[in-house]
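Following: one structure in structure tokens, then a few remarks.
The values are calculated or read from the model by the stated rules, or taken from the named source; none is laboratory data. No experiment lies behind these values; they were computed from the predicted model shown. Neighbour counts are summed over all protein chains in view; Cβ atoms, including those assigned to glycine, are modelled from backbone coordinates with ideal geometry. Each accessible area value is taken on the protein alone, full model and side chains, heavy atoms only, with ligands, DNA and RNA left out. Shrake-Rupley method; radii C 1.70, N 1.55, O 1.52, S 1.80 Å.
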Amino acid sequence: MNKNKMIGFTCAYTPKAIIHAAGYTPYRILPIGNALDLAGHILHENLCSHIKRVLDRALQNDIPELAGLVFINSCDSMRRLADAWKKVRPDHKIVMLDLPAFKNELSISYFAEELLRLVNTLSEWSGDAVSLKSINNSVKLYNELESILDRLHVRMQSGMLKGGSEKFQTLCNLASTQPLQQTIKLLKTLVTEPEFETPAKDGVPVFLFGNVLPDPDAYSLFEKCGARIVDDDFCTGSRLFKPLQTGGPEEILKYMAKSLFLNTPCARTFDPLEPGKIARDIINRAKACSAKGVIAYTLKFCDPYLDRLPMVRSILQDASIPFLMLEGDCTQGSIGQQQTRIEAFIEMLR
Ligand code: SF4
């Protein structure tokens with residue numbers, strides 16, 4: 001068994017439960033840390049900083065020992081990352097799963113086939129056949145993790161979580177890099193800790209969304225600007241832990257494909273029958289958490305989000321919901337430079 005071995009991943013659509021069922025620890029290679037900006041030597045500059053910072057960490061060995069990597073073919077940038085990874089880390093085994101762009105039954109069946117391909121690949125890598133029964137058990141464990149994180153997220157939303165959104169992001173980073181059972185044990189102690197006597201109510205309630213924002217300090221910077229993050233949606237945050245449908249082991253891959261595909265989607269997943277859905281989801285989330293405004297933080301050169309944001313902006317305008325769009329490069333600095341704009345936006349919402 002490979003209990004201590006880790007399998008690297010970089011996308012919220014990654015089936016972590018299958019990696020866990022194969023006896024590995026899923027390790028999200030987050031675009032954080034102090035690795036130097038070297039990826040530009042290999043990758044074109046106009047690719048998103050998510051993948052460049054992840055590659056920076058590989059180039060400078062700022063990642064733990066990995067038994068292999070699971071990439072998701074989520075967008076062109078992610079494909080470029082997988083190609084470059086083969087060059088800079090030829091010692092790593094790599095598998096890339098195809099992820100359909102459109103949400104429909106055909107896509108779900110196709111993705112279920114891709115999950116089966118991953119099961120067979122990890123069985124080969126580990127030398128142990130991965131059973132559907134063990135995947136079913138891992139799904140139950142991940143759902144346990146998800147429900148605890150969800151309770152902590154609700155506490156964060158109501159201003160009752162010590163450390164607020166910064167703390168919640170720290171917990172998400174931990175849950176995406178550390179062994180599952182160990183993380184569940186730690187979070188269980190946290191969730192039993194007494195809540196705040198009085199909820200933190202200072203700051204203007206905002207809904208924050210985007211693609212990648214793993215740096216906990218970034219959340220405290222928004223709060224230093226007078227915002228109170230009452231809900232958020234990032235692929236490095238709460239979107240990474242969504243409940244997975246369960247059922248008999250025979251159907252588990254179909255259920256998992258459906259859950260992963262239909263849960264809170266990233267902008268790269270599009271429903272041709274409902275082109276404006278991402279914007280309506282944002283409005284519904286903003287209203288549900290009584291946000292006074294919506295802030296988008298997206299990475300430069302992230303085509304999927306840059307494609308959708310103009311529509312999001314116009315639908316929010318029609319709904320008279322104030323909207324601020326920020327572009328960054330995953331670093332604290334890129335938000336710091338926009339502090340004045342954030343403060344002005346928050347001031348306007350008061
Ligand atoms: S979806 Fe956007 S942020 Fe994510 S890897 Fe692709 S380009 Fe980068």
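In the condition set (1) open to solvent by less than 20 Å² (accessible area, probe 1.4 Å); (2) within 16 Å of the ligand (Cβ to nearest atom); (3) in contact with a strand residue (DSSP E or B) (Cβ under 8 Å, 6 or more places away or on another chain), N73 is compliant with all but (1). The condition of being of a type outside the set (F, W, Y), buried (at least 19 other Cβ atoms within 10 Å of the Cβ) and away from the ligand (no atom under 16 Å from the Cβ) holds for only one of A58, A39, A84, A67, that being A67. On inspection, I18 passes the criterion of being surrounded by 20 or more Cβ atoms within 10 Å (Cβ to Cβ) and out of contact with any strand residue (DSSP E or B) (no Cβ under 6 Å at 6 or more places or on another chain). If the condition is being surrounded by fewer than 24 Cβ atoms within 10 Å (Cβ to Cβ) and either of a type in the set (A, V, I, L, M, F, W, C) or touching a Pro at 6+ places or on another chain (Cβ under 9 Å) (or both), then region 42-52 contributes I42, L43, S49.
Just the residues that are closer than 25 Å to Q245 by Cβ and either open to solvent by less than 10 Å² (accessible area, probe 1.4 Å) or of a type in the set (S, T, N, Q) (or both), please, taken from region 153-167. Q157, the sole residue that qualifies.
Kindly indicate whether E146 is touching a Lys or Arg at 6+ places or on another chain (Cβ under 9 Å), under 23 Å from R28 (Cα atoms) and among the charged types (D, E, K, R). Yes; evaluated as a whole, the condition is true for this residue. Of the residues screened, D150 is not one that is more than 23 Å from G237 (Cβ to Cβ), among the acidic types (D, E) and open to solvent by 50 Å² or more (accessible area, probe 1.4 Å).
Against the test of being surrounded by 21 or more Cβ atoms within 10 Å (Cβ to Cβ) and at pLDDT 90 or above, the options F301, F345 yield a single qualifying residue, F345. Out of the residues in region 322-337 that are modelled with pLDDT of 95 or more and more than 16 Å from the ligand (Cβ to nearest atom), state the one that is least open to solvent (accessible area, probe 1.4 Å). Going through the qualifying residues, I end up with L324. Can you spot a residue in region 204-217 that is in contact with a Ser or Thr (Cβ under 9 Å, 6 or more places away or on another chain), open to solvent by 50 Å² or more (accessible area, probe 1.4 Å), away from the ligand (no atom under 16 Å from the Cβ) and in contact (Cβ under 8 Å) with a residue 40 or more places away in the chain? No - not one qualifying residue is present in region 204-217. If you go through region 260-294 and keep only what is farther than 15 Å from Q317 by Cα and open to solvent by less than 10 Å² (accessible area, probe 1.4 Å), you end up with F261, A267. Identify all residues within region 239-259 that are exposed (fewer than 15 other Cβ atoms within 10 Å of the Cβ) and farther than 19 Å from L149 by Cα; write none if there are none. Once the filter is applied, which keeps residues that are exposed (fewer than 15 other Cβ atoms within 10 Å of the Cβ) and farther than 19 Å from L149 by Cα, region 239-259 yields G247, G248, E250. Suppose we keep only residues that are out of contact with any Asp or Glu (no Cβ under 9 Å at 6 or more places or on another chain) and among the aromatic types (F, W, Y) within region 84-141. Which one would you say is nearest to I42 (Cα to Cα)? Selected residue: W85. Being over 30 Å from K133 (Cα atoms) and within 22 Å of the chain's Cα centre (by Cα) is a condition met by at least one residue of region 233-251.
Residues of region 243-262 that are free of Cβ contacts under 8 Å to residues at least 60 places away in the same chain and either closer than 12 Å to Y142 by Cβ or charged (D, E, K, R) (or both): Q245, E251, S259. When T340 is tested against (1) open to solvent by less than 60 Å² (accessible area, probe 1.4 Å); (2) under 30 Å from G33 (Cα atoms), exactly one condition is not met: (1).
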